[in-house]
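Read the structure below first, then the notes.
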Amino acid sequence: MSEQTISCCGSPPPAAGEQQGAPPVAGAAHERQARAATPADDRRAEYRTLIRKWWFGAAVGVPTMILSYPWLIPGLADLFPRGSTQLWALWVVMGIASLAVLVYSGNQFFTGAWEALRHRSANMHTLIAIGTGTAWVYSTVALFFPWLFPSAEMTDVYYDVTVVVTALVVLGMAMEVKARGRTSEAIEKLIGLAPKTARVIRDGTEIEIPVDDVVVGDVVVVRPGAKIPVDGVILEGTSAVDESMITGESIPVEKRPGDEVIGATINRTGSFRFRATKVGSDTALATIIRMVGDAQASKVPIQRIVDVVSGYFTPAVLILSVLGFVIWYDFGPTPAFAYATIVAVTTLIIACPCALGMATPMALTTGVGLAASNGILIRSGDALQAAKKLDTIVLDKTGTITLGRPAVTDVVPAAGFTAEAVLAAAAAAERDSEHPLAAAIVESARERGLEVGAPTAFEAVPGHGIRAHLGDTRVLVGKRAFLEAAGAQAAALEADAVRLADDGKTPVFVAVGDRAAGVIAIADPVKPDSRAAIAELRKLGLQVVMITGDNRRTADAIARAVGVERVLAEVLPQDKAHEVRKLQLEGRTVAMVGDGINDAPALAQADVGFAIGTGTDVAIEASDITLISGSLRGVVSAIAISRATMRNVYQNLFGAFVYNGLGLPIALGVLYPFIGLLLSPILAALAMSFSSVTVIGNANRLKRFKLTEVSA
């Protein structure tokens, strides 16, 4: 059977390219806004159409139900006695009215059933069309050709079943359409974040233009309180930027020249200028919208099993309906034909697989939207389901556990010197050096408000250090042997240097004149929340492994600092994927978290690859889940959301299968011999609608899912 067999009561789910959450992100501004609004507008139009159909069905259905059994209502029994011409004429009017309901309110069932038949398949439209159509045809034949039936009791009409069932199912469709809209709120909110205009410098003049007219290389001006229109790098000015709508982080991020800014985030305090680096469909916001839309349109592996089951389900129901009719006609009470028809119609209606079809997509769409609103981009349903099964997580050290850039952590002065004097001297000497450690020393001095003078002479000795002069004073910065070869004894600092090295830091000796002035420790600092996030991962039952190319002593020091027990040290970049594979051969389900180009093979090898959003495009492209904020808290949140979403899927599927498992036997009349209970088609339609409402309500519970707060 085709995938159409599991479509819900509404229109079939959109394909990946048509997903309501995958709006275009290029073109003129007014065109983008129009296209971005189209999915929501389409849902609203579909909802309004279905509600109109419901009201028409309800308006016809209420009097039809009353007038179908006039002898049961005081006052009407005398006006429309059984067998009278008045009753026959009344039923003719009801037949015409119910046909109008089928044509207007129920036309989608018959067109859907016909399309399925053309493709040699069957779906929920098939069941509803056959059920309501059978009730109408039976009633019409009984009305105009009563002599074909063996008894007068068999000539009662069931136009009320036709009308009320159609109206109830259409109401269920309307509810589903509205619920689908609510589950896509995350994407619609993201679309709404995009600013409409940008202020750029053109020919030396500041002008305001549509945001889609911004090109790469434009200098963009951002004022306090304004939205940043596109992605770029700050040229001048400082500010605090609220990135919560993209990353999920509530605290504004300080920005200085050289820092990257993300389009659609909000500038809180200062004004600044930045150079546009990504515009249109290349911006972070556009990428997020595209990835979320693709993920919501994808399927989790369990959904494919549901597809297979559903492919056999509808034909099986049709067979059961026929068997039920035959058994009741042969062995049922009088009037057997009427009872048999009721059983057949009820079986078709109650077995409509609306709840089964909605169970997975509703939860998946809500879960992916929840993740996106917390700065987590899940690429596909496969990744979402795989994340639930993880038992081992491998963390790359540099840029993942640590910040990925060297910084001064300690300054230990020798006797007669202060820490500020040592750092200022080293920074001045290193001012013209291009070495990463030199940049860390200079930045640390400036952060402390120290004056960084200019050296009058500078010489770099590769592999050893630098020799500089500040006026008439010689300054040496480098290894201990380098200082001692120049006559500056540093033995008194050796104990401090060893202690710092044992902590995974790089000691740099400083000499002023002929005296050793102190030692500066430089390290790649651990991110503030890494330790807490790793503790949360362990609480989730995951074994945490750190992988790094650093030497064993440095790796062990970092591992102790963040609470990692298993360390893979001195691993070459090309061997990271091999190490992940070795863990998989141990029978583990492994996630890899990384941010660099050299992490891409390992990310692809892992069962689930997590890319830090601040990393390279190659790593992000090779991953299954992207953490926009760059924090390990995102890994904890992603796994928690995955588990909650899949738990919701299983709950929905269980409820749907239980509903059909219990409903079908009752509809077939297995309880009738024991307690005289025979379900009517109207109650079957109500039960079917209730099952859909249950699935929708359970899926929307995910929106209230609270993520565990991880703090340093």
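At a glance:
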| quantity | calculated |
| --- | --- |
| D524 open to solvent by 20 Å² or more (accessible area, probe 1.4 Å) and more than 23 Å from A424 (Cα to Cα) | no |
| Selection status of A387, buried (at least 18 other Cβ atoms within 10 Å of the Cβ), assigned to a helix (DSSP H, G or I) and under 46 Å from the mean Cα position of the chain (by Cα) | yes |
| Selection count where residues are surrounded by fewer than 19 Cβ atoms within 10 Å (Cβ to Cβ) and among the hydrophobic types (A, V, I, L, M, F, W, C), scope the range 398-411 | 2 |
| Those residues of the range 373-383 which are buried (at least 19 other Cβ atoms within 10 Å of the Cβ), over 27 Å from R531 (Cβ atoms) and not basic (K, R), in sequence order | S380, G381 |
| Every residue from the range 316-355 that is open to solvent by 10 Å² or more (accessible area, probe 1.4 Å) and not in a helix (DSSP H, G or I) | G332, P333, T334, P335 |
| Residue list for the range 573-594, restricted to those being assigned to a loop (DSSP other than H, G, I, E, B) and either small (G, A, S) or in contact with a helix residue (DSSP H, G or I) (Cβ under 9 Å, 6 or more places away or on another chain) (or both) | G587, T589 |
| Failed item, numbered, when V408 is tested on (1) more than 30 Å from D242 (Cβ to Cβ); (2) modelled with pLDDT of 90 or more | (1) |
| Number of positions in the range 493-521 that are β-branched (V, I, T) and open to solvent by 20 Å² or more (accessible area, probe 1.4 Å) | 3 |
| Flag for E451 being of a type in the set (D, E, K, R), open to solvent by 30 Å² or more (accessible area, probe 1.4 Å) and more than 30 Å from L585 (Cβ to Cβ) | yes |
| Test: residue in the range 460-473 that is within 29 Å of E570 (Cβ to Cβ), in a loop (DSSP other than H, G, I, E, B) and in contact with a Lys or Arg (Cβ under 7 Å, 6 or more places away or on another chain) | yes |
| Selection count where residues are at pLDDT 80 or above and not β-branched (V, I, T), scope the range 655-699 | 22 |
| Checking V461 against (1) at pLDDT below 90; (2) surrounded by fewer than 18 Cβ atoms within 10 Å (Cβ to Cβ); (3) under 15 Å from I520 (Cα atoms), the condition it does not meet | (3) |
| Tally, over the range 558-572, of residues that are assigned to a helix (DSSP H, G or I), open to solvent by 10 Å² or more (accessible area, probe 1.4 Å) and either touching a His at 6+ places or on another chain (Cβ under 8 Å) or in contact (Cβ under 8 Å) with a residue 24 or more places away in the chain (or both) | 2 |
| Lone qualifier among F56, F110 - being in a helix (DSSP H, G or I), in contact with a Ser or Thr (Cβ under 6 Å, 6 or more places away or on another chain) and open to solvent by 50 Å² or more (accessible area, probe 1.4 Å) | F56 |
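The values are calculated or read from the model by the stated rules, or taken from the named source; none is laboratory data. Computed from a predicted structure; not experimentally measured. Because the Cβ atoms are built from the backbone with ideal geometry, glycine has one as well, and the counts that use them run over all protein chains shown. Ligands, DNA and RNA are stripped out before the accessible areas are found, and what is left, the full protein with its side chains, is counted by its heavy atoms. Shrake-Rupley method; radii C 1.70, N 1.55, O 1.52, S 1.80 Å.
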